[in-house]
1. Would you mind putting 67-76, 50-59, 83-92 in packing order, based on average other-beta-carbon counts within 10 Å, highest first?
2. With a point put 7 Å past each Cα toward its Cβ, work out how far THR79 is from ASP11 in nm, to one decimal.
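Please treat every number below as a calculation from the coordinates, not as lab data. Keep in mind it's a predicted model, so treat the numbers as computed, not measured. We place every Cβ from the backbone using ideal geometry, glycine too, and count neighbours over all the protein chains shown.
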Amino acid sequence: MQEKHEINRSDENRIEQDLAKLFNYPAVGELFSGNDSHRLDEFCAKLNSTRDKLESIIRYGNKAEAESASRAVKSIEVTLDFLKTLQNMRLSRQK
C-alpha cells in the first residue's frame, strides 16, 4: 500500500514566501546588466527550487492543489526557457 504524504500548512507557507520573493526580484533587464551573471544564476536557482517544491505538491497534494501546482510549474518552465534564450542571445552578441 502506498503511503500518502500530506502537504502541511508550513510547506504551503514556505512555497508562498518563495513565490513572493521571486515577484519582488529586480526587473529582467537588471538580471542581464553588467558582465556578471550572478543575479541571473541566483534567480534561476530560486525558480528551480520553487519548481521542485511544487512538484512535491503535484505528487502528494490533493487534486485541486496538484492542478494549481502543475500550472505554476509550467509557468516556471516557460520563464526558465525564456531566460535561457535571452542569455544565449546575449552571449552570442558578445562573441
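1. Numbers: 67-76: 15.3, 50-59: 16.9, 83-92: 12.1.
Listed from highest to lowest mean packing, they are 50-59, 67-76, 83-92.
2. 2.1 nm
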